[in-house]
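Novice: One structure follows; several queries about it will come next.
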Amino acid sequence: QFADDPKRSERFSLEAAGLFLDYSKNRITDETIRLLLDLARARKVAERRDAMFAGEKINVSEGRAVLHVALRAERGERYLADGKDVVPDVHAVLDQMAAFSDQVRSGAWKGHSGKRIRNIINVGIGGSYLGPEMAFRALRTFADPSLTVRFVANVDGADFAKATQGLDPHETLFIIASKTFTTLETMTNAAAARKWVLDAIRAEQGIARHFVALSTNAEAVRAFGIDAANMFGFWDWVGGRYSMDSAIGLSTMIAVGPDNFRALLAGFHAMDQHFRTAPLERNMPALMGLLTVWYNNFFGAQTLGVMPYAADLARFPAYLQQLQMESNGKHVDLAGKPLDVQTGPVIWGEPGTDGQHSFYQLIHQGTKLIPCDLIGFCRPLSPLADQHDLLMANLIAQAEALAFGKTAEELAAEGSHPAQTPFRVCEGNRPTNVILAEQLTPHALGGLVALYEHSVFTQGAIWGIDSFDQWGVELGKALAKRIIPELAHGAEPALAHDSSTNALIRRYRSLRGMA
Ligand code: F6P
């Protein structure tokens, strides 16, 4: 394809919101794109997008609007949920967050004993954790170095122990982040945090100086003992995995400051505007979504690799796992009918170049087709001799190697030992998207996250699924609730599970020294 068409890279690349996408190294022709666009039209992707922006209740199984795009709307724009413009409320919370962040950053907000807050611990899981942690790491160089920012998500006590290790409770602020304020892991860790602080400050009334909440559930926040004045709200039209730019981003804002947080929102907004207005054939998230559908449904590819060539984006694949897999891991359509097509692929990845010395072998020469997104930034934030050139040379080289491979003839011409040649042949034709931005700034990060959000949306629209519910995670939660008392000390309870589950419970009890 490249040999026949010197303009291929020009034709199959585009820019939007400060991001450049080269999708020329995919298994596509003009006809492929034409047919994928026909598919998008037949599945009414643009109409569904417009319905989302219009605040229609496109989360049908929960009867909710899906309006995360309103979280980054500029003052004066209008987004309606149930006929009410939500943008003034969004900005009221952003202003409240900014005022609070300024107080913490300046030292004006003090702990109960009058000490300055130096440590921020976000307690939350899923969408109330992955985005903030990813963003904090990604924007490390923009963060106030005098603040320690940590995260507790896992109900394993080890996570809490590690997050609080070496910290002074008198100087620590906990942010309890939970949309529902009922999530078992978060509520359990929040209670541990409360005890950890109270053991040090020994004054109930001091809790208000050490705890704030991010939630949609004001009642539960009050019941936990957090003052309503210390609550930052959001709304049921914000899905957990779409909430890092809502109040859930408070830890990010405290770390990088309100101006940088606004730049992050501006990056989201720029990509939103592009997704909303660009024709599908020049629409970056729509094209990325269609390419994911292409490999998922027409080549049987099971996974999509996302490899950021940026150590600071180390948690981006984990963030995308929830965004993509919780959104599009669905088995019925919008009418509740079983689907006869494959839905969301498995998302995985690690930063390049680390992955090159680990699992890239399988991508180059294995028997599975693994499309990959390679993400890079042209100007380093931590320049070190010529190391950034080395990093980016590797990104560009991997895309080239995966696409063009190496033939037996080329190897022979290079003097490869004939016995080794079959092992060294790389077939090539392995697809990649290359996404480049100038620098990993807050604006670029916002654009990148919104790019994937809208790509996920496009995929969901093609499959005709509800990308905004997550009923599948409920069963495990319910079963865990039933098992919790069965693991408690005391005589063995009557166990009525299957033989495997019963045996696992008994083994656990026995190794914990219970009857
Ligand atoms: O169990 C899945 C989930 O509901 C996610 O969708 C959500 O992001 C996470 O749990 C945390 O929920 P919450 O913010 O309500 O604690």
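Novice: One residue is enough: does segment 498-505 have a residue meeting the conditions within 16 Å of the ligand (Cβ to nearest atom) and surrounded by 11 or more Cβ atoms within 10 Å (Cβ to Cβ)?
Specialist: No, segment 498-505 contains no residue that is within 16 Å of the ligand (Cβ to nearest atom) and surrounded by 11 or more Cβ atoms within 10 Å (Cβ to Cβ).
Novice: For ALA263, state whether it is in a helix (DSSP H, G or I) and free of Cβ contacts under 8 Å to residues at least 24 places away in the same chain.
Specialist: no
Novice: Which of the residues spanning segment 155-173 are open to solvent by 40 Å² or more (accessible area, probe 1.4 Å), of a type in the set (A, V, I, L, M, F, W, C) and either at pLDDT below 95 or away from the ligand (no atom under 15 Å from the Cβ) (or both)?
Specialist: Once the filter is applied, which keeps residues that are open to solvent by 40 Å² or more (accessible area, probe 1.4 Å), of a type in the set (A, V, I, L, M, F, W, C) and either at pLDDT below 95 or away from the ligand (no atom under 15 Å from the Cβ) (or both), segment 155-173 yields ALA158, ALA161.
Novice: Working carefully through the options SER113, SER101, find the one that is assigned to a loop (DSSP other than H, G, I, E, B), more than 16 Å from the ligand (Cβ to nearest atom) and small (Gly, Ala, Ser). Steps first, answer last, please.
Specialist: Numbers: SER101 fails: assigned to a loop (DSSP other than H, G, I, E, B).
Selected residue: SER113, the only one of SER113, SER101 that is assigned to a loop (DSSP other than H, G, I, E, B), more than 16 Å from the ligand (Cβ to nearest atom) and small (Gly, Ala, Ser).
Novice: State whether one or more residues within segment 146-154 are open to solvent by 30 Å² or more (accessible area, probe 1.4 Å), farther than 24 Å from VAL221 by Cα and among the aliphatic types (A, V, I, L, M).
Specialist: There is no residue in segment 146-154 that is open to solvent by 30 Å² or more (accessible area, probe 1.4 Å), farther than 24 Å from VAL221 by Cα and among the aliphatic types (A, V, I, L, M).
Novice: What are the residues in segment 174-209 that are away from the ligand (no atom under 15 Å from the Cβ), under 19 Å from ARG222 (Cβ atoms) and open to solvent by less than 30 Å² (accessible area, probe 1.4 Å), if any? Can you show your working first?
Specialist: Within segment 174-209, the first condition is being away from the ligand (no atom under 15 Å from the Cβ), and the residues that meet it are 192, 194-209.
Still in the running and under 19 Å from ARG222 (Cβ atoms): 194, 197-198, 204-209.
Within segment 174-209, VAL197, GLY206, ILE207 meet the criteria.
Novice: Which one is nearest to PRO371 (Cα to Cα) among residues in segment 275-311 that are assigned to a helix (DSSP H, G or I) and open to solvent by 30 Å² or more (accessible area, probe 1.4 Å)?
Specialist: Of all residues in segment 275-311, those assigned to a helix (DSSP H, G or I) come to 275-277, 280-282, 284-298, 311.
Subset that is open to solvent by 30 Å² or more (accessible area, probe 1.4 Å): 276-277, 281-282, 294, 297-298, 311.
Details: ARG276: 26, THR277: 27, GLU281: 21, ARG282: 21, TRP294: 10, ASN297: 13, PHE298: 13, ALA311: 21 Å.
For segment 275-311, the residue satisfying everything is TRP294.
Novice: Quick one: is ARG150 away from the ligand (no atom under 16 Å from the Cβ), more than 27 Å from LYS481 (Cβ to Cβ) and part of a helix (DSSP H, G or I)? Spell out how you get there, then give the answer.
Specialist: Details: away from the ligand (no atom under 16 Å from the Cβ): yes; more than 27 Å from LYS481 (Cβ to Cβ): yes; part of a helix (DSSP H, G or I): no.
No.
Novice: If I ask for residues that are of a type outside the set (A, V, I, L, M) and within 28 Å of TYR295 (Cα to Cα), which ones from segment 362-386 would you list?
Specialist: Pass one, segment 362-386, residues of a type outside the set (A, V, I, L, M): 364-368, 371-373, 376-380, 382-383, 386.
Those that are of a type outside the set (A, V, I, L, M) and within 28 Å of TYR295 (Cα to Cα): HIS364, GLN365, GLY366, THR367, LYS368, PRO371, CYS372, ASP373, GLY376, PHE377.
Novice: List every residue pair whose Cβ atoms sit under 8 Å apart, with the two residues 6 or more apart in sequence or on different chains, where the first one lies in segment 464-489 and is farther than 25 Å from ASP340 by Cβ and the second, anywhere, is in a loop (DSSP other than H, G, I, E, B) and open to solvent by 70 Å² or more (accessible area, probe 1.4 Å).
Specialist: If the second residue must be in a loop (DSSP other than H, G, I, E, B) and open to solvent by 70 Å² or more (accessible area, probe 1.4 Å), the pairs left are LEU487/ARG512.
Novice: Give the residue that is farthest from GLY446 (Cα to Cα), with candidates limited to residues of segment 3-46 that are of a type in the set (A, V, I, L, M, F, W, C) and surrounded by fewer than 12 Cβ atoms within 10 Å (Cβ to Cβ).
Specialist: Checking each candidate, the answer is ALA3.
Novice: Same structure, new question: Let me confirm something: among ALA54, ALA98, ALA81, which residue is more than 22 Å from the chain's Cα centre (by Cα) and open to solvent by 20 Å² or more (accessible area, probe 1.4 Å)? Break it down into steps so the answer makes sense when it comes.
Specialist: Details: ALA98 fails: open to solvent by 20 Å² or more (accessible area, probe 1.4 Å); ALA81 fails: open to solvent by 20 Å² or more (accessible area, probe 1.4 Å).
Criteria check complete, one pass: ALA54.
Novice: Moving to a separate point now. Got a sec? Which of LEU250, LEU287 is within 14 Å of the ligand (Cβ to nearest atom) and of a type in the set (A, V, I, L, M, F, W, C)?
Specialist: On the way: LEU287 fails: within 14 Å of the ligand (Cβ to nearest atom).
Being within 14 Å of the ligand (Cβ to nearest atom) and of a type in the set (A, V, I, L, M, F, W, C) holds for just one of LEU250, LEU287, which is LEU250.
Novice: Of everything in segment 349-361, what is surrounded by 18 or more Cβ atoms within 10 Å (Cβ to Cβ) and among the aromatic types (Phe, Trp, Tyr)? Give them in sequence order.
Specialist: Selection gives TYR360 alone.
Novice: List every residue pair whose Cβ atoms lie under 7 Å apart, where the two residues are 6 or more positions apart in sequence or sit on different chains, the first residue falls within segment 86-97 and is assigned to a loop (DSSP other than H, G, I, E, B), and the second residue, located anywhere, is open to solvent by 30 Å² or more (accessible area, probe 1.4 Å).
Specialist: Qualifying pairs under 7 Å: VAL86/TRP235.
Novice: Would you be able to say whether some residue in segment 362-375 is open to solvent by 60 Å² or more (accessible area, probe 1.4 Å), farther than 30 Å from ALA17 by Cα, at pLDDT 95 or above and among the β-branched types (Val, Ile, Thr)?
Specialist: Filtering segment 362-375 for residues open to solvent by 60 Å² or more (accessible area, probe 1.4 Å) gives 362, 365, 367-368.
From what's left, farther than 30 Å from ALA17 by Cα: 362, 365, 367-368.
Okay, now just the ones that are also at pLDDT 95 or above, so 362, 365, 367-368.
After this cut, where a residue has to be among the β-branched types (Val, Ile, Thr) as well, the list is 367.
Yes: one or more hits.
Novice: Can you give me the number of residues within segment 408-439 that are over 24 Å from ILE370 (Cα atoms) and touching a Leu at 6+ places or on another chain (Cβ under 6 Å)?
Specialist: Going through segment 408-439 one residue at a time, the tally reaches 0.
Novice: State whether one or more residues within segment 116-136 are part of a strand (DSSP E or B), within 12 Å of the ligand (Cβ to nearest atom) and among the hydroxyl-bearing types (Ser, Thr, Tyr). Full working, then the answer.
Specialist: At the first step, the residues of segment 116-136 found to be part of a strand (DSSP E or B) are 116, 119-123.
The next check asks that each one be within 12 Å of the ligand (Cβ to nearest atom); those that pass are 122-123.
From what is left, the residues that are among the hydroxyl-bearing types (Ser, Thr, Tyr) are none.
Within segment 116-136 (the criterion being part of a strand (DSSP E or B), within 12 Å of the ligand (Cβ to nearest atom) and among the hydroxyl-bearing types (Ser, Thr, Tyr)), the answer is no, since none of the residues qualifies.
Novice: Modelled with pLDDT of 95 or more and not in a helix (DSSP H, G or I) - does that describe any residue in segment 391-399?
Specialist: Looking only at segment 391-399, we keep the residues that are modelled with pLDDT of 95 or more, and these are 391-399.
Narrowing further to those that are not in a helix (DSSP H, G or I): none.
So far as segment 391-399 goes, no, none of its residues is modelled with pLDDT of 95 or more and not in a helix (DSSP H, G or I).
Novice: Being open to solvent by 40 Å² or more (accessible area, probe 1.4 Å) and either touching a Pro at 6+ places or on another chain (Cβ under 7 Å) or outside any loop (DSSP other than H, G, I, E, B) (or both): is that true of ARG49 here? Can you show your working first?
Specialist: On the way: open to solvent by 40 Å² or more (accessible area, probe 1.4 Å): no; either touching a Pro at 6+ places or on another chain (Cβ under 7 Å) or outside any loop (DSSP other than H, G, I, E, B) (or both): yes.
No.
The values are calculated or read from the model by the stated rules, or taken from the named source; none is laboratory data. Every value quoted in this text rests on a predicted model; they were computed, and no experiment measured them. Neighbour counts run over all protein chains shown; Cβ positions are idealised from the backbone, glycine included. Heads up: the accessible areas ignore ligands, DNA and RNA and are worked out on the full protein's heavy atoms, side chains in. Shrake-Rupley method; radii C 1.70, N 1.55, O 1.52, S 1.80 Å.
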